[in-house]
Amino acid sequence: MKYWNPYLETLSRERLLELELNNFRQLLQYAKEHSPFYRQRYKDFAPEDIETKEDIRRLPLLDKKDLRVAQEARGASLYGEILGVDPEDVTTFRQTSGTTGRPVYVPETYESWQWRVEVWCHILWMAGFRETDRVFVPFGYNVYVAFWEGHYAAEKVGCEVVPGGALDTRGRINKMMEVKATALLNTTTYGLHMAEEAMKMGIDPREIGIKRMLCAGEPLPQATRKRLEHLWGAEVYDHIGGTEPCAWAAMCQERDGLHIMEPFFLVEILDMETMSREVEEGELGVAVVTPLGRRSFPLLRFNTKDVVRRGRERCPCGRTSLMISEVAGRVDELRKIRGILFTPVSVEELLREEFPEIEEYEIILEKKGAMDEITLRVEPQEDMEGNALAKLSARLSERLKTKTNLSFNIKFALPGDLPRHTLKSKRFRDLRGA
Amino acid sequence: MKVRKDQDWGRLREMSEKIEEIERLVLDLKELGEEMPVIEKNARAILSFIHVLRFGISDVAEITDKSGGTNG
């Protein structure tokens, strides 16, 4: 069958919105009754005040710092006043990475966890995962949510799951071949890294036998996705989510944009300047997400700080959910440089699509006097020198200018000089505050 | 977009009724179990799946009942 749930996935836009508003009202009611944090926060709002999506925008946005403050007042529970269930009902502890501050603890009950897993079943089914797949997960699971949902959902779909956590990269490559894995769950960066490592082992990644790959944890520009497809000889799919909001959008087999997982989530894509208006098709905006079926840790209007481009409403796959055509990065990764809005992911798109001779790269933003200066350090393939490098530099400058409206300094690094990333890439450094 | 046949919406309603029936049976089982762990914990697991089925089936049945079963 094409759809995990044909009724839900082809429901009309009107019915989807009706479901979402119903569930939002119920969640608001539930949150006020069960969580001291929300009782206070929404004391001036009642579910019956919510009739349209515009009404929802009268409720305040929820930020990560709000979650931290709510958890600092912990009282008897590790999870603080935001917990929506009795502490004894919590069955799973997870936390955020803590890169932007103190980690947020995210509790799940058995019920809320199964709800999250169900969303992932949709995601895997859309990406073609079936009972005949043997899914390799090349990561160790831990306090972060990464890959846990995928594992449980793959089991529920009926796949066979091979957890590859305790092995190094070469060990994982060998194990994938040994067990004849057909599918992978990994980060974009690690997918590239494994392919590179396989080639060093004298193995063509296409011979490993992976037919489909679902990427997680970082943006996946189309050019990078196609590069992974070419390297692995597999279909490569993207999705977007987080520890707090869950996985809220994912790719279907058309592999052209992401479907918002309606009606599991009510998603608003708001303008970056005022956060008060839903953007039009083709516009960039910030995703504000409300997971509608999760009561352990109610999140209403959570500002994900993910910048996405609103996509079309229809897809050839027949699903009627709203779409995102692009994940542009994080709000905190966007930079105004000489008055121009810059997204690091735009450089990755260009390099992956047009410059296969570049092995690795890094973007550095610095202040030189009163001006911002942006430099692209690139590591070309080993056999390039002299004239070829000069031509590459000129071509890079010209294409970057066209793509970003910015003038870049181009610097070449020696082969192997630039850092290699395994889990998530960190190719952008803003040194202006340094 | 293809409009679902009436019998499909009928099937949806029937599935929704079955979900409610399963929930009632599980709650009865829970009561009979008197907190015996094997019953209590497994019933809890089943009720979690009911929550999921409500989202995907019962809620859809409820709103399509009101509107007469149209889809996109």
How big is the charge dipole of segment A:273-405 about its Cα centre, in debye rounded to the nearest 20, if each Lys and Arg gets +1 on its Cβ and each Asp and Glu gets -1 on its Cβ?
-> 900
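Taking 8 Å as the Cα distance limit and 6 or more residues as the minimum spacing, I'd like the relative contact order of segment A:8-94 as a percentage. Write down the numbers at each step before the final one.
Working: 56 pairs, mean separation 23.0, N = 87.
26 percent.
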Quick numbers on segment A:12-62, Rg and Dmax over C-alpha atoms in Å, give 11.3, 36
Show the residues, 5+ positions off or on another chain, whose built amide H is closer than 5 Å to the amide H of A:Met272.
-> A:Val286
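Take A:Trp120, A:Trp125, A:Trp4 and order them by how many other Cβ atoms sit within 10 Å, fewest up front.
Ascending Cβ contact count within 10 Å gives the list A:Trp4, A:Trp125, A:Trp120.
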Leading residue at positive end of dipole, the protein assembly as shown (Cβ point charges), from A:Ile260, A:Leu351, A:Ile123 = A:Leu351
Expressed as a whole number of Å, what is the distance separating the alpha-carbon centroids of segment A:55-90 and segment A:334-399?
-> 42
Step through the residues of segment A:229-240 one at a time and calculate ³J(HN,Hα) from phi using the Karplus curve (6.51 cos²θ - 1.76 cosθ + 1.60, θ = phi - 60°), rounding each to whole Hz and writing x for Gly and Pro.
-> 4, 5, 5, 9, x, 10, 7, 10, 10, 10, 8, 9
Lysines near A:Lys226 by alpha-carbon distance under 17 Å, same-chain residues fewer than 8 away left out - which ones?
-> A:Lys211
From phi via Karplus (6.51, -1.76, 1.60), per-residue ³J(HN,Hα) for segment A:33-39 in Hz, x at Gly/Pro = 6, 10, 10, x, 4, 6, 4
Summing -39500 (n - 2.57) over every DSSP H run of at least 4 in chain A, dividing by its residue total and rounding to the nearest 500, the 222 nm mean residue ellipticity is -9500 deg cm²/dmol
With only Lys, Arg, Asp and Glu charged, each at its Cβ (+1 for the first two, -1 for the last two), find how big the charge dipole of the protein assembly as shown is about the Cα centre; round to the nearest 20 debye.
-> 1040
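Mind checking segment A:326-408 for GluC sites (Glu not before Pro) that DSSP puts in a loop (not H, G, I, E or B) and that have at most 15 other Cβ atoms within 10 Å?
Values: sites: A:Glu326, A:Glu333, A:Glu348, A:Glu349, A:Glu353, A:Glu354, A:Glu357, A:Glu359, A:Glu360, A:Glu362, A:Glu366, A:Glu373, A:Glu382, A:Glu385, A:Glu398; in loops: A:Glu357, A:Glu382, A:Glu385.
Of the GluC sites (Glu not before Pro), the ones in loops of segment A:326-408 whose Cβ has at most 15 other Cβ atoms within 10 Å are A:Glu357, A:Glu382, A:Glu385.
Explain nothing, just the number: dipole magnitude of segment A:166-260 about its Cα centre with +1 on each Lys and Arg Cβ and -1 on each Asp and Glu Cβ, in debye rounded to the nearest 20.
Working: 12 positive and 13 negative charges, 52 e Å.
That gives segment A:166-260 a dipole magnitude of about 240 debye.
Looking only at Cα atoms, what is the convex hull volume of the protein assembly as shown per residue, in Å³?
Values: hull volume 84.8 nm³, N = 506.
Each residue corresponds to 168 Å³ of Cα convex hull volume.
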Segment A:296-434: proportion of alpha-carbon pairs further apart than 25 angstrom, % | 40
Write down the Å³ per residue value for the convex hull defined by the alpha carbon atoms of segment A:46-185.
-> 162
The answer for trypsin sites (Lys or Arg not before Pro) in segment A:1-70 that fall in a DSSP coil and have at most 13 neighbouring Cβ atoms within 10 Å is A:Lys2, A:Lys43, A:Arg58
With the dipole of segment B:9-48 defined by +1 on each Lys or Arg Cβ and -1 on each Asp or Glu Cβ, the option from B:Ile39, B:Leu25, B:Trp9 whose Cα lies farthest towards the positive pole is B:Trp9
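Kindly put A:Cys252, A:Cys315, A:Cys159 in sequence by how many other C-beta atoms sit within 10 Å of each C-beta, fewest to most. Numbers along the way, then the final one.
On the way: A:Cys252 26, A:Cys315 17, A:Cys159 21.
Going from least to most buried by this count: A:Cys315, A:Cys159, A:Cys252.
What shape does segment A:1-126 take by its C-alpha gyration tensor, where a ≥ b ≥ c are the square roots of the eigenvalues and a/c under 1.5 counts as rounded, a/b above b/c as prolate, and the rest as oblate?
Numbers: a/c = 2.02, a/b = 1.28, b/c = 1.58.
It is oblate, given that a/c is not under 1.5 and a/b is not larger than b/c.
Values quoted throughout were computed directly from the atomic coordinates according to the rules given, and no laboratory measurement underlies them. Please read all numbers here as calculations on a predicted model, not as lab measurements. No Cβ is skipped: glycine too gets one built from the backbone with ideal geometry, and neighbour counts run over all protein chains shown.
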